[in-house]
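What follows is a short report on a single structure.
The numbers here are math on the coordinates, done by the rules we state, and not lab data. What you see is a predicted model; the values in this text were computed from it and never measured. As a convention, Cβ positions derive from the backbone with ideal geometry for all residues, glycine included, and neighbour counts pool all protein chains shown.
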Amino acid sequence: MGERRFASHNMIAVYPTVEAAREAVTRLERKGIEAGNIELLGAAAEGASEPQTNLEQRKADMAVTGQVGKRSAIGIVIGAVIGAVVIGLAALLADALFDLGPDEVVIGGGALAGALFGGYAGLFYGGATGLPVSDAWSETFEAVKEGQTAVAVHSQQADQVEDALEVLRDTGATRLSRFGADGKLQG
């Protein structure tokens, strides 16, 4: 795992599983904690640093791809519904003002076009947004060891560590602790 690093303000959350640690990293990044300030310790970090076989690497890659795929699929559905409703209503309004042709064709065509565009936009939005960018998150997919995994936040700003503690309070951490720059536990 290498040498531990400490900033002026530090916190650590210990989780019983790698999956719980992955969720914690996701929550931290969504709260605005910088990816470079998040560190993974314990079983997942040790497992990620070990050389992997092609099969193990493929499994880790497919797990990350599966996460992106799920978000993309949800984005397609939500985008298609929003696009169909918005463009369908716009087509209804335009047809009422300008009598563009048969109502079913204008409104139906507008809703279909909106669904296609919305689904396309939702695919990219769902797949690209909200996924953590820190190395700690991707390391949780490469973990080959099971066991306790810790997520640490190191920052020069006390409020960033307080935000991290607040976000992780209800995540099932077995321990939440604050440390100083010297690595000693704070009250």
Work out, step by step, the length gained on full extension between Ile74 and Asp99: first 0.36 nm times the residue separation, then minus their alpha carbon distance; give nm to one decimal. 5.4 nm
Along the Cα→Cβ direction, 7 angstrom out, place labels at Glu56 and Arg169. What is the inter-label distance in nm? 3.9
Surrounding charge for Leu28, neighbours by C-beta under 12 angstrom, Lys/Arg +1, Asp/Glu -1, total -2
Pick from Asp61, Asp163, Asp95 the residue whose mean-square fluctuation is largest in a GNM of the chain, springs joining Cα atoms under 10 Å. Asp95
Rounded to two decimals, what ratio of Rg to Rh does the range 67-128 give with C-alpha atoms and a Kirkwood Rh? 1.16
Considering the zone a paramagnetic label at Ala113 would reach in this model (a point 7 Å from Cα along the Cα-to-Cβ line), which residues of the range 73-91 have amide N under 11 Å from it? 87-88, 90-91
Modelled FRET efficiency - R0 30 Å, Val85 with Lys31, Cβ distances, 0.05 increments: 0.45
What net charge do the residues around Val64 carry, taking every other residue with its C-beta under 12 Å from that of Val64, with Lys and Arg at +1 and Asp and Glu at -1? +2
Which residue fluctuates most in the GNM of the chain (Cα springs below 10 Å): Ala136, Ala45, Ala111? Ala111
Using Cα positions and a limit of under 17 Å, work out the aspartates and glutamates in reach of Lys70, with same-chain residues fewer than 8 apart set aside. Glu19, Glu23, Asp61
